[in-house]
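Step one of this worksheet: look at the structure below.
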């Protein structure tokens, strides 16, 4: 009876570890722009998805290449877990040309995502190609997928070691 109980605990711990890592690997929020570059006065289309409805707004912050905030807004996700908003490039705060970063947050520091775009002068042509390849995923609670795999491997190893140590005391 004791051996069956220990096997049940091993299976339960393994299933819990796998389900926990699967939940941690989900991306809580994504962000993309419709173009890779914008000039002064251009409209930036910002969109993405969320995994859960939290009944709070999504915070959107755009920073210049020196990490100075040039734009702040909030928007709510749609019922289908998508969101979109518009920002106008340029103005008094948009002083430098270069790479700008969009940071979106939805419910906490572990639910963030970023993407970048180029802010150019109005005399440079702006490409019409979408920025889908520039979209970045949020980092899950435990970091990247390789960190999650490491946690899973360590958990599995710990279970095997634990079982090897307690197994001699149980009779099948």
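Is there a residue in the range 54-72 that is surrounded by 16 or more Cβ atoms within 10 Å (Cβ to Cβ), touching a strand residue (DSSP E or B) at 6+ places or on another chain (Cβ under 7 Å) and assigned to a loop (DSSP other than H, G, I, E, B)? Looking for residues that are surrounded by 16 or more Cβ atoms within 10 Å (Cβ to Cβ), touching a strand residue (DSSP E or B) at 6+ places or on another chain (Cβ under 7 Å) and assigned to a loop (DSSP other than H, G, I, E, B), one finds at least one in the range 54-72, hence yes.
Annotation note: Cβ proximity below 8 Å between a residue of the range 99-126 that is outside the structural domain of residue 57 (by TED's automatic domain parsing) and modelled with pLDDT under 95 and a residue that is in a strand (DSSP E or B) and surrounded by 18 or more Cβ atoms within 10 Å (Cβ to Cβ) (sequence gap 6+ or interchain) occurs for no pair. Taking the criterion of being surrounded by fewer than 17 Cβ atoms within 10 Å (Cβ to Cβ) and either under 18 Å from residue 103 (Cβ atoms) or modelled with pLDDT of 95 or more (or both), the only residue of the range 26-41 that qualifies is 27. Within the range 95-120, the set of residues being crowded, with 19+ Cβ neighbours inside 10 Å and over 21 Å from the mean Cα position of the chain (by Cα) comprises 118, 119.
The values are calculated or read from the model by the stated rules, or taken from the named source; none is laboratory data. Because the structure is a prediction, the values reported are computed rather than measured. For neighbour counting, all protein chains shown are included, and Cβ atoms are generated from backbone atoms with ideal geometry for every residue, glycine included.
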